[in-house]
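Student: Following this message is one structure expressed as structure tokens.
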Amino acid sequence: MPLSVSLIITICLVVLAYFAAPRRALAMSGGDARTLAALPRQYGLNAALAVGLPSLVVLVAGLLAGGGGYLTIILLVVAGATFAGSMLRIAPSLRARTEAEGMIKLVLIAASVIAILTTVGIVFSMLFETRNFFGQYKWSDFYFSTEWSPNFRGDSSLGIIPLLWGTLYISFIALVFAVPIGLFAAIYLSEYAGRRMRGIAKPAIEILAGIPTIVYGLFALITVGPFLRDYFAAPMGFGDSASSVMTAGLVMGVMLIPFVSSLSDDIINAVPQAMRDGSLGLGATKSETIRQVVIPAALPGIVGAVLLAASRAIGETMIVVLGAGAAARLSLNPFEAMTTVTVKIVSQLTGDTDFASPETLVAFALGLTLFVITLGLNVVALMIVRKYREQYE
Amino acid sequence: MTQAKISAQGVQVHYADTHAIKDVNVEIADKEVTAFIGPSGCGKSTFLRCINRMNDTIDICRVTGDIRIDGEDIYDAKVDPVQLRAKVGMVFQKPNPFPKSIYDNVAYGPKIHGLSRNKAELDEIVEKSLRKAALWNEAKDRLHAPGTGLSGGQQQRLCIARAIATAPEVLLMDEPCSALDPIATAQVEELIDDLRQSFSVVIVTHSMQQAARVSQKTAFFHLGSLVEFGDTNKIFTNPEDPRTESYISGRIG
Amino acid sequence: MTQKSLLTVDARTKKRNASEKRFKAFGLGAIIVAMVALVILLTSVVSTGSSAFKQTYATVSVPLPEAKLDKSGVRDLDVMKKVTTIGYTSLLRDGIVGTVADAGLTTTLSAKDIGKMLSKEAAATVRDHVLANPDVIGTSVEFSLLMNGRIDGYFKGRVTMESAALDGNTSPEELQLAQDMANAGLVETKFNWAFLTAPDASDQRPEAAGLGVAILGSLYMMIVVLVLALPIGVAASIYLEEFAPKNRWTDIIEVNISNLAAVPSIVYGILGLAIFINFMEFNQSSPLVGGLVLTLMTLPTIIISTRAALKSVPPSIRDAALGVGASKMQSVFHHVLPLAAPGILTGTIIGLAQALGETAPLLLIGMVAFVREYPAAYSPDAGLFGEAATALPVQVFNWTQRADPGFVERASGAIITLLIFLLIMNAIAIFLRRKFERRW
């Protein structure tokens, strides 16, 4: 019989257990619920969980392992056995509520473990395929070669350095744009702005934060890119490409402004008011207080925020796919197209090449490198911010 | 009779709809320590903060009336609070040194007000202020250590040094010892006695014993009004107003 | 110290005040730059994309002779289906030529060229209608037919007579005829519902491309994310916030979750590809796989916001419940959770909104495929994992990769649709937050 039928039978057994167990418990107590160790409905919950949870585990495990005819039978057996078992165990002395809560706690723990499993999955999936890749292509060539030119006939040069260069160059431009603007916006909003201005500006900045990156990517492709090419790059003789480091960097900068601004806002607000009062009491102006007392006090936190923004910029995909182009290049000209690690991950994994070939597997090595870099930045940033917060709490 | 250093007439302070200070009139002399005493919430700190216009930083606070220092109305439109606060220094309840070195803490005020022409002059100001705050001997070998690394009492003396570095004429102290241990408190009280030779000192305190020890004149505040003002001795031994008497004997506050 | 009057502002203070004003201006300037950027972004997207919601149609009377369409003579569907869209094309050509002649319009175009003014999709429209209503065979029926991409572009201002002269796909004569037909009331540009409901169309037919499949695919994925991420996220949060002992294992889990929230989305795509598609061999580009990948991505966000909601419930509530003899589990489920529910809901909606806009991970699990048919969530062939589908942001990306300039308008229009969905979701979240927010 098909899986769906055995699934329906299992669900029926769960429901049956939920309603039958209280009846049985009451029957066994001679109709007096007070002699039971738990409320009747808790017997129902306990029985339903005892049938439902093992069946769910078997179902999920079986599906992940590929389904198949055996799963149908195993599921029925498990459901039936747990049903019988839980019914037989019902007695007035059975602490149904405690057992049920124990099972629920297991479920909660399992949910938390999924978080770890995700990380494990990420690391393992990339490690495994990266190892395959390094079996076919020398790791030293990957990390140190400055040429990227994949060739589906084999004999490709797959060096990460031009890609890293593009990634870092674009992120740098994005940060140069976003950090001053985001920081100053946060300073103005928390130190100077009145209620009305805050009421308009904060939601506006939050809207910028909620816009998906594909929208920014399209904006780079159809508006910013041609604009920069027509009004800056071409007249100044820097190049004639609409896709460029400048295009992607600028748009990414706009995307990062709300990120930097809200992080800075938190950090500036964590500086105690007593410090500001001390400075104002000495006759300093507000801007002197901010520049010479508040910001230096907040500096570790701000550094942490910049690192987090950098991590975000480095891992960004859609803006660079649509705005930076696909040419792997080591150039200083920001108006030239230069590609990044993320763009190549997408292009190598969505191309037509054979999966086991180095041209495709390189994407995993790229992904692993990207993961390590962003993880490093995040961890360092969080450590810095944590130490900074401890100072004031 | 010499003109009072600080003279207040008809001062009212409102926080939004709350009437916090009601019609206060007082004259504070120079080179003297004046203490403000009273139960919690009576408005003594609020009134203190009017003298250096720190209440300006609070949006909902409105100050009306006349407060003059050396005869000049400090709430006049022509007055920039920034200049006022160089002339009127403030020390806060909880020591709040900047996260900078001891030297930079003290040098901050003179630097922003441009009080020194070169490094040598600045060094001199820092040394003078630290000496006057009785901190020089403990600090002279670690001027570039962080100010936050000092003990509580030392930090408060650092804040005092910082406040007097701008060569103010008035020094406002808002319960400066309430966060300190008894030994540090004694050191600061000794300091206050020295300081009154150069400045007009106004100190808010919730300790009557402290007021009796350090001040020459005392003002008793209650529920936003100035109830009685006079020589410290008289206030504590023979007060005129029954409310003052109740407070002194511990029946209120 | 020299006695300086407070009533005169000295020079240095003036300079410092000027510096203060400059500093304040920088701050205000930064905010203005951010807002201007937002306005430019939205304006550019809306102005390019709003024309996608209008489409040019021609009213054409199409002859439907039996001889051509039903060789069996008895309306046998199997026989009728043998006539492909190519067969219908000549009928449409006759139709439009006739309509033009009837209106008294003249042109130098050949009949074939006139026929080309209609979109290649139009033939399918007529065919579907005939197969659904066989009794119209033998008559002439008036249809509202899609015109081709260049003519549509002309009426939207994208294509001009000058560009048409250089364009291989159209000509100034064609545009002129279209204009004449419009003046005669035979051609009009009207609201384009098909944009939201029709499936995608091939490279040469931007005029027929629609978001229907993409919207459905995104909907399936959102349902998967809601059904999976919400219970798992809430369960994990409850454990971490209420039950977990403060030891190293809990610390590790918490650090893990903060890191996962900051991992680039493309890495989740790699995870999905490696594990769901390669290792477990699910179907590529099925909505279930997409939903699973998005679930993993949204889980940390939901956990973080749920924990914040749980933390905001004061301990006194828990103590009160325990005080009357409830177990810890009961105090959580009966008291804390209902009070934290608005915050949890708000966080979930915001998480869903983020997931709706994600593109990179879906690209990696193979959703670049050009999907022509509406996907079924469950079919006997594809099993529980559904047939190939696409999602809104992926469709946008697809369209940006196509050469025909008509797709730029489509991509922008799709973005307007996406932004409207996001606006609605965020508005609901804000409304819920305002309505149920409690100040403890």
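Student: Answer yes or no: is there a residue in the stretch C:145-165 that is surrounded by 15 or more Cβ atoms within 10 Å (Cβ to Cβ), among the polar types (S, T, N, Q), touching a residue at least 60 places away in the same chain (Cβ under 8 Å) and in contact with a strand residue (DSSP E or B) (Cβ under 9 Å, 6 or more places away or on another chain).
Tutor: No, the stretch C:145-165 contains no residue that is surrounded by 15 or more Cβ atoms within 10 Å (Cβ to Cβ), among the polar types (S, T, N, Q), touching a residue at least 60 places away in the same chain (Cβ under 8 Å) and in contact with a strand residue (DSSP E or B) (Cβ under 9 Å, 6 or more places away or on another chain).
Student: Any residue that is assigned to a helix (DSSP H, G or I), farther than 29 Å from C:LYS435 by Cα and among the aliphatic types (A, V, I, L, M) - is there at least one of those in the stretch C:275-287?
Tutor: Yes, that holds for at least one residue.
Student: Checking the condition of a type in the set (D, E, K, R) and more than 15 Å from the chain's Cα centre (by Cα), which residue from B:ARG117, B:ARG162, B:ARG157 passes?
Tutor: Checking each option against the conditions leaves just B:ARG117.
Student: Same structure, new question: Considering the stretch C:389-424 alone, what residues qualify as being touching a Leu at 6+ places or on another chain (Cβ under 7 Å), farther than 12 Å from C:SER218 by Cβ and surrounded by fewer than 24 Cβ atoms within 10 Å (Cβ to Cβ)?
Tutor: Across the stretch C:389-424, the qualifying residue is only C:THR400.
Let's see how each residue does on (1) over 30 Å from C:ASN169 (Cβ atoms); (2) basic (Lys, Arg); (3) without any contact (Cβ under 8 Å) to a residue 60 or more places away in the chain; (4) in a helix (DSSP H, G or I):
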site	(1), (2), (3), (4)
C:LYS21	yes, yes, yes, yes
C:GLY27	yes, no, yes, yes
C:ILE32	yes, no, yes, yes
C:ALA37	yes, no, yes, yes
C:VAL46	no, no, no, yes
C:GLY73	yes, no, yes, no
C:LEU92	no, no, yes, yes
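Student: If a residue has to be crowded, with 23+ Cβ neighbours inside 10 Å and either closer than 25 Å to A:LEU375 by Cα or in contact with a strand residue (DSSP E or B) (Cβ under 7 Å, 6 or more places away or on another chain) (or both) to count, how many in the stretch C:235-256 make the cut?
Tutor: Adding up the residues that qualify gives 2.
Student: Looking only at the stretch C:167-192, count every residue that is part of a loop (DSSP other than H, G, I, E, B) and either in contact with a strand residue (DSSP E or B) (Cβ under 7 Å, 6 or more places away or on another chain) or in the same structural domain as C:GLU358 (by TED's automatic domain parsing) (or both) and tell me the total.
Tutor: Selection size over the stretch C:167-192: 2.
Student: Can you tell me which of (1) within 14 Å of chain C (Cβ to nearest Cβ); (2) in contact (Cβ under 8 Å) with a residue 60 or more places away in the chain is the one A:ALA209 doesn't meet?
Tutor: Against the list (1) within 14 Å of chain C (Cβ to nearest Cβ); (2) in contact (Cβ under 8 Å) with a residue 60 or more places away in the chain, A:ALA209 comes up short only on (2).
Student: From the residues in the stretch A:380-393 that are facing another protein chain (nearest Cβ under 9 Å) and in contact with a helix residue (DSSP H, G or I) (Cβ under 7 Å, 6 or more places away or on another chain), which one is modelled with the lowest pLDDT?
Tutor: Going through the qualifying residues, I end up with A:LEU382.
Student: Let me ask something else about it. Would you confirm whether or not the stretch C:222-229 contains a residue that is surrounded by fewer than 23 Cβ atoms within 10 Å (Cβ to Cβ) and facing another protein chain (nearest Cβ under 9 Å)?
Tutor: No - not one qualifying residue is present in the stretch C:222-229.
Student: Hand me the list of helices (runs of 4 or more DSSP H) wholly inside the stretch A:277-393 holding 2 or more residues that are closer than 30 Å to B:LYS111 by Cα.
Tutor: Those helices (runs of 4 or more DSSP H) span A:286-289, A:295-314, A:358-392.
Student: List the helices (runs of 4 or more DSSP H) inside the stretch A:104-212, counting only whole elements, that have at least 2 residues being over 30 Å from A:LEU366 (Cα atoms) and in the same structural domain as A:LEU332 (by TED's automatic domain parsing).
Tutor: A:161-187, A:195-210
Student: Here's a follow-up. Here are C:VAL130, C:VAL62, C:VAL83: which of them is assigned to a helix (DSSP H, G or I), among the aliphatic types (A, V, I, L, M) and surrounded by 13 or more Cβ atoms within 10 Å (Cβ to Cβ)?
Tutor: Within the list C:VAL130, C:VAL62, C:VAL83, the selection yields C:VAL130.
Student: Same structure again: Taking the stretch A:313-347 on its own, how many of its residues are crowded, with 23+ Cβ neighbours inside 10 Å and within 19 Å of C:SER265 (Cα to Cα)?
Tutor: 19
Student: Out of (1) surrounded by fewer than 20 Cβ atoms within 10 Å (Cβ to Cβ); (2) within 27 Å of A:VAL303 (Cβ to Cβ); (3) over 26 Å from the mean Cα position of the chain (by Cα), the odd one out for A:SER157 is which?
Tutor: So A:SER157 meets the others, but not (2).
Student: From the list C:SER51, C:SER47, C:SER90, exactly one residue is surrounded by 13 or more Cβ atoms within 10 Å (Cβ to Cβ) and within 14 Å of chain A (Cβ to nearest Cβ). Which is it?
Tutor: C:SER51
The values are calculated or read from the model by the stated rules, or taken from the named source; none is laboratory data. All figures in this text were calculated on a predicted structure; none of them were measured in a lab. When we count neighbours, we look across all protein chains shown, and the Cβ atoms used for this are built from the backbone with ideal geometry, even at glycine.
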